[in-house]
Every structure is written in C-alpha cells, then in structure tokens.
C-alpha cells in the first residue's frame, strides 16, 4: 500500500503580515492547548479509520512554532502512535525566524522532527518592515545556527520576490544570505496581491513591480540559485541534491495525503475533501466533499509544475492510454516559443514557461 503524506494545520499567528491571506487567528494559551487536544484526538481517530503508512508529516500554518515545543512534541508523539510511519520519514515544522528563543530544538529533534521551514522572506530589514514581518536577518541566522547545532541538517528558507522597493541588488543579498546559512532548500515566491490583505487595500499606493520587472527578478533568482548550488525542481522551489521537499512532492505528483485542521485539504481513495475555516466544524469532524481527484487533466497540471515535467511513460502507465496527438501538437507550438521542452520521453516547462505557467498549462490541458 502506497504511503501518504500527513498535513497538520496550526491556524494561529501573533499578527497578520501585510501580504498574507492564509486562514489564521490570534490565540491565547488556553486556546492553543485546547486546539492541541482536539488535533491529537483527530490524529487518533483518523489513524483508526485509515490503514495507510505515512512517510511525510508536515506541520504548517499559520505559525506552528506558536504552539511551543511541548505541544508540538505531544502532537508528533500521537502521530507516531496512531500511524505506521515508514523508515526515515520526513517530518517538517514551519517556524518563525525568532524561534531560537521559543523552541527547544534539541527536544524536538530527539522526538523525530528532522526538517525545518523558516519564513525568512528577505534578508534586508527595510523589506521585512514593508512586509509587516517582526524579525530581522540576524534573528533568522541565529535560529538556523541553533537548529544546526543540535543536528538539523535539512532546513528550508522562504524568500519573496518583487517586494515593494526590492532591487536586484537587494534580492542578490537575500539569496547569498540563504546560501551562507548553509541551508539545503529555498522556496522563492513572487509577491501576489491578494484580496483581504493590507497590501490589497494599499495596492494603488504601493510601488509594485511591473510584470516585466517581476519576470526579471524570477529569472535572476533561478540563475543565481543555480550558481549557488540549488537546483530548481518546481516552479518556486530549489534544493541541494537529495533535499527536495518529499511532502510537497506528494502534492505535485498527484499522490494521496491527509490534511487535518481548519482549512486543511485531503486527497484519499480518489476523493478530495477538506475542513472549512470553522473551528467548530473541525472539532466535530465535519468535512466537505470537493471533487473526485486523480484524472488526467489534474495529473498533467501538477506534473508540469515540476522541472522534471510530464513523463509520457508514467502517464500511460497511470491512465492506460498514450498522450494524445493534439497534446503533442500543442506542446510543439509552445516549444517553438521557448515555453517548454519537448522530447520523446516527455514535456517540461522552461523558465520562461514557468513565468506564464497558468496560461501554458491551461493551453496544454485543453489539448489533452
């Protein structure tokens, strides 16, 4: 039986960043403890309902580090009891860049946490202020070094591209900072102005970068990170060899996973479902049907997010049919425009194609 990924959502933050529209709330210690108890009960319940091994566990948010190491350890201990974990599972927790003062990394490492994802966003302090972040680059460096000192050797840093007032030189400083920290993985996302955020309210007054400028920042990031030893394996993700996010690869390879917590999504037994943003609905285990998953269009869309792209052999093995002639014809047109690479084995997007991935993937899907 194929192993699944397990996602645990921790929907709490101590404040809302100006660009963020993810579901999260403020919480006091009582609420954090209550949520921990409910999440553990959910883990135990689902462990009894499904007989699937787990090879990745991901604590995401929100800000999971707000729970503190004791609650995080209690949840992971419950996971290890409720599910059959495979040998050498990847167990990730998202933490604040100030977490060196909040968490006992040694105790967490001893319990089984082996990967950290740290929300750096920028190594330039004025850019962090613009984003509404409450840390500086020195905080992030201390947290990385503290984690490394107790044995964490799989650490990811998130960075943001096209921040207002960001320049190529300041972006270069951030990318070099990440490499100098000795981390194994970097996620780099172009800033998007989302409804319901502070930036959306201010969008007409913000010095936002043009599409062409954003493209230049993205292309520079891909080139610079390659020079620094980080290979691109997904539109926004880069890693040293062997340190690709195994949990996220479950998503991008259209494999199954279970998500627990308000706003968490799942894909199990061919069905996609989720918990909505209502805490009480999660506490009462009310899920919402989303769709039947795993069709060829969904598989194609996710595969093309990866640098490895869509492998025709794997496609035929999964769907018992070859890729269509109309798809190949469409891919050749895109290849002529340097938007994708087409070979006898498969198709993958170029850096230029990644920049307009939504349009490229939609065009290919229409011709599947």
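Every number here is computed from the coordinates shown, using simple stated rules; none is lab data. Quantities reported herein were computed from a predicted structural model and do not represent experimental measurements. Glycine also receives a Cβ, built like all others from the backbone with ideal geometry; neighbour counts cover every protein chain displayed.
Here are some notes:
- Between segment 160-220 and segment 126-155, the Cα center-to-center distance that results, in Å: 17 Å
- For segment 290-368: relative contact order, % (alpha-carbon pairs under 8 angstrom, 6 or more apart): 34 percent
- From most to least packed by mean Cβ count within 10 Å, the peptides 356-363, 174-181 give 174-181, 356-363.
- Mean-position separation - Cα centroids, segment 321-368 and segment 38-116, in angstrom: 38 Å
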